[in-house]
Amino acid sequence: MTAIPRLSIPLPFPALLRTAAALAGAQGGGAEIAAFERAFAARYGRQDAVCFCRARMGFFHLLRCLDLAEGAEVLIGGLHVADFVNIIRLAGFVPVVVDLEPRGFRLDEDDLERKLSPRSAVLLVTHLSGYVHDMPRLRKICDDRGVMLVEDCSQAFAARYDGQRVGTFGHAAIFSLSLLKSVCTLNGGIVLAEDPALLERLHRAAEAEGAASRGPMLAETLKNLVIKTATWPPLFSLTVLPLLRLTAAAGDWFARYQKTNKTVVLRDRLPPVFRERFTAVQARLGMSLLPDLDARESKRQAAGRLLRSLIEPDGKVALPPQCDSADNGYWLFPLVVEDPARLKAALSRQGVDSAPMLLAALSTEAAFAGMGFSAPNAEWTRAHTLFVPMYPTLDETDIRRIAAAIADFQRAS
Ligand SMILES: *Cc1c(COP(=O)(O)O)cnc(C)c1O
């Protein structure tokens, strides 16, 4: 039986090959970028959005455009792309880490209340794996304390709360358009906002960046191609999964290859590649993924709901909590398990691949020691999360196989 790889690259082979060729050509093409920005914004009922070379740079410029007070605090959840801590500091502000709920992926509202201070200016709410926060509650907490709410929807392009798309609850929202994101433009990020004056400032900041260098973009195209080839199910079943199984004791090298930020450093300035413009070639890739984005994401969500309904949580395997009014995007499907290594091995024997958490627990990063971060729940959840396959091309048979493999593990242990 063919195995089920942990992931599926959304960009098709022809688009990746065309991109590799186009990267050699001329840049420019502001009209194409503007068209992509407006088409993306329209999904959310907004007029416009602004593209940057990375989501973190979108967040950097957003913070700089918000007229925050000196020494203002920016609150961020305990599991995140570690570099966001650098981004907040280099933008001139103070990062404050908020813990997550126990065994789940949403912010712990009690810890949030504890960590709010008179200097709190921005709360970055990240809908991890597609798990949606209780947005009216967070909105109220922020409004009461005069804090601006910004959503990170990199893992939640199609998630909703009470029918309303996440990304439209706050002052602004950021989306990463990087590897595996529902809209991938190689690298890239987009900032969604409603206030025309803010959008204007963001556009000016985006235009002031330097020309994009082709090397990193070409490398990212190759990475997409390599991973797409390696996860082609026949090849994956015959070579990649058996190799992963043989070398399991040495750790998950597939995850290491996939991970972009392999080491976390405390930066004293932004690297030059972060100061580059988003390009027309990227806008073209993004545009190509928009027409059937909702169709793809609906399939993913249906698969996610089915798998959730087939799993019976017990002491060994738990499902993260979610709110009743939320329409989970299921960008990934995390299980919270007592012993992830054992479950991973058991699933692998049944041809079901799985992946560890790639985000950092900000409170344990040595580079950030001394910043006073505390988020014990996030640390626990990071260590106990295992992601089983979840993407639009899985069919019902695949989902039932994943559920059966999990149930076998529960019975056997
Ligand atoms: C992928 C991801 C990012 C990546 O941001 P970039 O700066 O575009 O690399 C940010 N936030 C979350 C939640 C992500 O999953």
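One residue is enough: does the stretch 135-147 have a residue meeting the conditions within 14 Å of the ligand (Cβ to nearest atom), hydrophobic (A, V, I, L, M, F, W, C) and crowded, with 18+ Cβ neighbours inside 10 Å?
no
Please name all residue pairs, on different chains or six or more residues apart, with Cβ atoms under 6 Å, provided the first residue is in the stretch 71-95 and is open to solvent by less than 10 Å² (accessible area, probe 1.4 Å) and the second residue is among the polar types (S, T, N, Q) and within 15 Å of the ligand (Cβ to nearest atom).
GLY77/THR126
In this structure, is ALA403 of a type in the set (A, V, I, L, M), within 16 Å of the ligand (Cβ to nearest atom) and open to solvent by less than 30 Å² (accessible area, probe 1.4 Å)?
No: the conditions fail for ALA403.
Return only the number of the condition from (1) among the aliphatic types (A, V, I, L, M); (2) in a helix (DSSP H, G or I); (3) open to solvent by 10 Å² or more (accessible area, probe 1.4 Å) that LEU68 does not satisfy.
Here LEU68 meets the rest and fails (2).
Scan THR126, THR239 and give me the residue that is surrounded by fewer than 18 Cβ atoms within 10 Å (Cβ to Cβ) and of a type in the set (S, T, N, Q).
Result of the check over THR126, THR239: THR239.
Within the stretch 36-92, track down each residue that is within 19 Å of LEU289 (Cβ to Cβ), away from the ligand (no atom under 16 Å from the Cβ) and of a type in the set (Gly, Ala, Ser).
ALA39, ALA41, ALA42
Anything in the stretch 372-409 that is aromatic (Phe, Trp, Tyr) and not in a loop (DSSP other than H, G, I, E, B)? List them, or say none.
Of everything in the stretch 372-409, those that are aromatic (Phe, Trp, Tyr) and not in a loop (DSSP other than H, G, I, E, B) turn out to be TRP380, PHE387, PHE409.
Just checking, does the stretch 281-289 include any residue being of a type in the set (D, E, K, R) and under 19 Å from LEU7 (Cβ atoms)?
no
Among the aliphatic types (A, V, I, L, M), open to solvent by less than 50 Å² (accessible area, probe 1.4 Å) and touching a His at 6+ places or on another chain (Cβ under 6 Å): does that describe VAL336?
yes
So how many residues does the stretch 242-264 have that are open to solvent by 70 Å² or more (accessible area, probe 1.4 Å) and either within 30 Å of ARG56 (Cβ to Cβ) or in a loop (DSSP other than H, G, I, E, B) (or both)?
Final tally of qualifying residues: 6.
The values are calculated or read from the model by the stated rules, or taken from the named source; none is laboratory data. Model, not experiment: these values are computed from the prediction. Reconstructed Cβ throughout: ideal geometry from the backbone, glycine too, with neighbour counts over all protein chains shown. What goes into the accessible areas is simple: the full protein's heavy atoms, side chains included, and nothing from ligands, DNA or RNA. Shrake-Rupley method; radii C 1.70, N 1.55, O 1.52, S 1.80 Å.
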